[in-house]
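Any read-out appearing in this document is the output of simple, stated calculations on the displayed coordinates, not a laboratory observation. What you see is a predicted model; the values in this text were computed from it and never measured. A quick note on method: Cβ atoms are made from the backbone with ideal geometry, for glycine too, and the neighbour counts reach across all protein chains shown.
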Amino acid sequence: MKVEWKDILLIGIDGGATETKAHEVLVSGSWRKPKFQLGTRSASRKYKMLPEFKPVEVGQQIKERNEGAVRLTPQEELQGKEYIASTAEAVEEIARPIGPKKLVIGMGMPGLKTPDGRGINAINNGARTPNFLEQLEGRLREAGLDLLAPIARLGSDADYCGIGEEYATEGRFRRVKNAYYLGGGTGIADAMKLNGELVPFDHTKDWLQKSWQIASSLGPTYEKLVAAKAMNETFARMEKATLDEYVKAGKFTQVEALKGNPRARFVMNLVSLLLAELLFERMHTLYAGREEAPYRGDAYLALRTDHPYRGLCFQKLILGQRIGDIYADAQYRKVLRNPLHTHLAHLVERFAPAEMQEAYLKSGKI
């Protein structure tokens, strides 16, 4: 029996570190040339975070992953079930009112995936769930929902950022050959377009690390310092408060920096400097191969300095998610955008080859 678009409910799911979001996608046109646009129905669920849960140290996760012997803690198993329950509830909220349709689901999640792509066996801010999609499909069947086919895989949320920038009407990858995207929210994610094609970071792992893996010049990874959540956590600690207290009070770092709080201004300047440092690392690695930076660790120094795209320069550098919102907001120009541009111009002027300087600078400015 032939299935038509009118018989299908397509749902896209963004699984994050703290919540899951689902959205209806409307499909029209032929099977060969479908057209996609967001529908009106969406749902989100904050994960129930178990107080006894603590993520396994990332180095240990990677070790177990490489050995093919992931050993979940009892707390991980319980926390993983909460992720799946929240995701199933969000899907059900969209699907239930629409009535009997075949579900087609696409889903992105952070973390390193199992070989079949249907689970997570290493993640920076959460619980490993190697059989995520198997459990999710079971929950959906129990809810009486009918999948047209098994969910193919958990995509990379970072890669999906690139797909969005490439195919959305307002996407910043459109009509450009070489571009880099860095999104900062709970964590950080990056995507690239090179020579007119999206290039997944899983295809560049011998010459380019993902942003959440890279150690900054201060020691911790960039994710622990420049993601929007990390930025607010740092400021709250300096204020001798908790992140929850300050978020509830609306005391976000950029807001307080604008009011003149010296600790908030310090954090914003630090974030702008580290963002510039990370962007420069991307620019330098693309053009000339990874930097000689021993402080980034042995894994970084083991990366190849030669790669197929050497000699290219980005035509666009894009900031997205919450950090992008702050960067784009004119009222915060003095506390993020301007210092970021100044720091990045200084790094290019001081440490980049002459050809890179010519590509990225004009009259000493980005």
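Details
- Kirkwood Rh and Cα Rg combined as Rg over Rh, evaluated for the stretch 21-95: 1.18
- For the stretch 229-281, trypsin sites (Lys or Arg not before Pro) are listed when DSSP marks them as loop and at most 16 other Cβ atoms sit within 10 Å of their Cβ; the list is 240, 259.
- Nearest-20 debye value, the stretch 223-306 charge dipole, Cβ charges on Lys, Arg, Asp, Glu: 360 debye
- 3J(HN,Hα) couplings calculated from phi for the stretch 136-147 with the Karplus curve 6.51 cos²θ - 1.76 cosθ + 1.60 (θ = phi - 60°) are, in sequence order, 4, 4, x, 5, 5, 5, 4, 7, x, 8, 10, 7 Hz; Gly and Pro show x.
- DSSP bridge pairs, the chain: antiparallel proportion in percent, nearest 5: 65 percent
- C-alpha long axis of helix 157-167 to longest principal axis of the chain, angle in °: 90 degrees
- Net lengthening on full extension, residue 357/residue 259 (0.36 nm per residue, minus Cα-Cα): 31.7 nm
- The stretch 142-300, relative contact order [Cα under 8 Å, separation at least 6], %: 16 percent
- Legend: residue pairs 48/81; 54/224; 46/248; 21/316; 177/365, Cα-Cα distance threshold 19 Å; pairs beyond threshold, 21/316; 177/365.
- Reachable lysines from residue 205, criterion Cα separation under 20 angstrom, eight or more residues apart if same chain: 63, 113, 193
- In the stretch 241-303, the alpha-carbon atoms span a convex hull of 129 Å³ per residue.
- Residue-by-residue Karplus 3J(HN,Hα) for the stretch 241-247, coefficients 6.51, -1.76, 1.60, Hz, glycine and proline x: 10, 9, 4, 4, 4, 6, 5
- The stretch 168-225 - Rg over Rh from alpha carbon coordinates, Kirkwood radius: 1.02
- Taking amide hydrogens as placed 1.01 Å from N in the peptide plane, the amide H of residue 366 sits under 5 Å from those of 345, each at least 5 positions away in sequence or on another chain.
- Under the combined filter of DSSP loop state and at most 11 neighbouring Cβ atoms within 10 Å, the stretch 164-193 retains none of its chymotrypsin sites (Phe, Trp or Tyr not before Pro).
- Dimensions (Å) - the stretch 74-226, Cα atoms, principal axes, largest first: 49, 42, 26
- Convex hull volume of the C-alpha atoms in the chain, normalised per residue: 163 Å³.
- Restricting the stretch 1-87 to chymotrypsin sites (Phe, Trp or Tyr not before Pro) that sit in a DSSP loop and have at most 15 other Cβ atoms within 10 Å of their own Cβ leaves 31.
- Across the alpha-carbon atoms of the stretch 1-155, the computed radius of gyration and Dmax are 16.5, 50 angstrom.
- With R₀ set to 45 Å, the beta-carbon distance separating residue 309 from residue 241 gives a calculated FRET efficiency near 0.50.
- Placed amide H near residue 41: partners under 5 Å, 5+ positions off or other chain: 24
- Compactness of the stretch 188-255, expressed as Rg and Dmax over alpha-carbon positions, Å: 16.1, 48
- Normalised by the number of residues in the chain, the mean separation of alpha-carbon contacts (under 8 Å, six or more apart) gives a relative contact order of 12 percent.
- A straight line joining the Cα centroids of the stretch 274-296 and the stretch 182-206 runs 15 Å.
- Cα-derived Rg over Rh, computed across the stretch 280-365 with Rh taken as Kirkwood radius: 1.01
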